[in-house]
Amino acid sequence: MLADGNWPGVPTFETIIGAEPDFVYGTAYSFSEGSCGKVEDFTNEKINIYATEGTAIKNADIDAVYHDIKNIGKIFRVEDKADKTIEELKSKVDDVEKKVKGKDFVDALILEGVSNGKIQVDGGTTFGSKLLERAGGKNIFGGVKDSFPMVSIEEVIKKNPTAIVVVDFPTSSATDSAKKQIEQLEKIAELKNVDAVKNKNYIIVPSIQIFPSAQSIEGLTKMAKGLHPDAF
């Protein structure tokens, strides 16, 4: 475990170099000046890097996770293990999709944060939005092209979500935990008659499970169970 840098779980370039790695695996966001270091910082040190496909391309879906596992299997010469892992994950995804198949889509939003009367959500191009669709939900802001737009209270009231997926960030991060986000949301009096708020229909998903990784299968399952509990 490397020491935290600018925020929890993110080491500095200097800390990484100190560990003398041959290979660094991370998200596309990791390889930037404000995070773990720019791409050229690593290549200048002759360190090989790999950025996950799900964070490097637009409109990434669960297939991106399978591709990453396939590639890592090739890099470490454990293709058989990678293929087995992919099949196991696909089986879990298929099971969830079969359970929600034929169900009416549930109007929902993915809450990333609440600040100064503005609400940050997932637009339609995010990995989380794709998970929501597979889980039997309809992202009410799915038509927004921005990844994480700020939307007004009026827009949320007008679209009236039945459920709210709340991203639960680590409590020590710059972004609030799910509990704090819900508290902030419920302080906005105008939202009291929104169905999801009125019925406290919140689906809490850890941030790591709504991110492109093998753990996102758990996030998919949580969403599906929250949206269609009768199917489980």
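Values computed for the structure shown
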| read-out | value |
| --- | --- |
| Semi-axis lengths, Å, region 1-145, gyration tensor of Cα atoms, sqrt of 5 times eigenvalues | 32, 23, 11 |
| Distant-in-sequence amide H partners of V106 (H built 1.01 Å from N, under 5 Å) | G137, K138 |
| Selected from G102, G113, G54 as most flexible by GNM, with the chain as the system and alpha-carbon contacts under 10 Å | G102 |
| Spin-label zone in region 200-219 - amide nitrogen under 16 Å from a point set 7 Å from the Cα of K159 along the C-beta vector | 203 |
| Low-density loop positions, GluC sites (Glu not before Pro), region 1-69 - DSSP coil, at most 11 other Cβ in 10 Å | E33 |
| Helix runs (DSSP H) in the chain reaching 15 Å along axis by Cα, Kyte-Doolittle at least -0.5 | 62-75, 216-227 |
| Between region 141-169 and region 91-133, the alpha-carbon center distance in angstrom | 10 Å |
| Phi to ³J(HN,Hα) by Karplus 6.51 cos²θ - 1.76 cosθ + 1.60 over region 18-34, Hz, x for Gly, Pro | x, 7, 6, x, 8, 8, 10, 10, x, 7, 4, 5, 5, 8, 9, 4, x |
| Region 75-232 - Rg (one decimal) and Dmax (whole number), Cα, Å | 16.3, 56 |
| Two-site FRET efficiency, W7 against K38, from Cβ-Cβ distance with R₀ of 25 Å, rounded to 0.05 | 0.90 |
| Per-selection Kirkwood Rh - region 154-232 (Cα, Å, 1 d.p.) | 13.5 Å |
| Built amide H within the under 5 Å cut-off of V24, gap 5+ | N48, I49, Y50 |
| Extension gain, I188 back to R134 (0.36 nm per residue minus Cα-Cα distance, nm) | 16.4 nm |
| Other-chain or far-sequence residues with amide H under 5 Å of I119's (modelled H) | V151 |
| Net charge, K101 excluded, C-beta distance under 14 Å - Lys, Arg +1, Asp, Glu -1 | -2 |
| Part-to-part distance (alpha-carbon centres) for region 183-203 and region 29-47, which is given in Å | 41 Å |
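No value in this document is a laboratory result; all are computed from the given coordinates. From a predicted model like this one, the values you see are computed outputs, not experimental measurements. Ideal geometry is used to build each Cβ from the backbone, glycine not excepted, and the neighbour counts take in all protein chains shown.
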